[in-house]
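The values are calculated or read from the model by the stated rules, or taken from the named source; none is laboratory data. Only a predicted model underlies this, so the values are computations on that prediction, with no experimental measurement involved. Neighbour counts run over all protein chains shown; Cβ positions are idealised from the backbone, glycine included.
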Amino acid sequence: MGPQAAKSVPGQALVDVTKRPAQRAKQEIDYGRRGKGYVFGAFQPSTGEAFTKTATRRTTANFVAFLEQTENWIDAGLPRVHAILDNLSAHRATDVLLFALAHPRWEFVFQPKYAAYLNLIEPWWKTLRSLALKGKRFETWEQICAAVQAATTYWNAHRHPFIWGRRRRHRPRRQPGIARVPAAA
């Protein structure tokens, strides 16, 4: 999910409107970054189940460790596992190829450059950011890790199959019958 940092985010403070003149909402200025890291994620669209792991660095070793944990998380009865990856160098490293040789049911599919919309986990990252990070202020990287874990646990408790594409809007059902004849000019 790209780099996430423990830094300030504009909050919403309540303003006491009973005082005259009305006060403006103020937030303390914060220029510090108090830790950063990366979130790895796996997602099963058919069930909606998700798995996340946080790491302080995005290295090949961390990615292979994530793949090993994902292998244990995924149902052993699945004959094939299709992993859709972007073109990060850690995804194409020798250790990842060795993982693929050791686990023959895994198939790595690399998406074309500038085509993030083809990766089904991208809309789910938006949901995870909304659940875990939106409108919150974190002082440490550990707080972000805890928030991501809590959001993933919440998602898995309320999961549903994920449908790719636009949000379906409710349309009223048309009444069956004969169409009206257009008015003649």
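Please verify whether Thr56 is in contact with a Gly (Cβ under 8 Å, 6 or more places away or on another chain) and in contact (Cβ under 8 Å) with a residue 12 or more places away in the chain, treating the condition exactly as stated. Spell out the reasoning first.
Working: in contact with a Gly (Cβ under 8 Å, 6 or more places away or on another chain): yes; in contact (Cβ under 8 Å) with a residue 12 or more places away in the chain: yes.
The answer is yes for Thr56.
Screening Ala150 against (1) at pLDDT below 90; (2) surrounded by 11 or more Cβ atoms within 10 Å (Cβ to Cβ) leaves a single unmet condition, (1).
Take the residues in the stretch 122-136 that are touching a residue at least 60 places away in the same chain (Cβ under 8 Å) and aliphatic (A, V, I, L, M), then tell me which one is surrounded by the fewest Cβ atoms within 10 Å (Cβ to Cβ). Within the stretch 122-136, the match that is surrounded by the fewest Cβ atoms within 10 Å (Cβ to Cβ) is Leu133.
Yes or no, residue by residue, for (1) farther than 19 Å from Phe162 by Cα; (2) more than 20 Å from the chain's Cα centre (by Cα); (3) of a type outside the set (Gly, Ala, Ser):
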site: Glu49; (1), (2), (3): no, no, yes
site: Ala65; (1), (2), (3): yes, no, no
site: Trp73; (1), (2), (3): no, no, yes
site: Ala90; (1), (2), (3): yes, no, no
site: Leu98; (1), (2), (3): yes, yes, yes
site: Phe110; (1), (2), (3): yes, no, yes
site: Ala116; (1), (2), (3): no, no, no
site: Pro123; (1), (2), (3): no, no, yes
site: Leu128; (1), (2), (3): no, no, yes
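This table checks each residue for (1) surrounded by 16 or more Cβ atoms within 10 Å (Cβ to Cβ); (2) touching a Leu at 6+ places or on another chain (Cβ under 8 Å); (3) charged (D, E, K, R); (4) modelled with pLDDT under 90.
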residue: Lys19; (1), (2), (3), (4): no, no, yes, yes
residue: Glu28; (1), (2), (3), (4): no, no, yes, yes
residue: Phe43; (1), (2), (3), (4): yes, yes, no, yes
residue: Phe66; (1), (2), (3), (4): yes, no, no, no
residue: Glu71; (1), (2), (3), (4): yes, no, yes, no
residue: Ile84; (1), (2), (3), (4): no, yes, no, yes
residue: Leu101; (1), (2), (3), (4): no, no, no, no
residue: Gln111; (1), (2), (3), (4): no, yes, no, yes
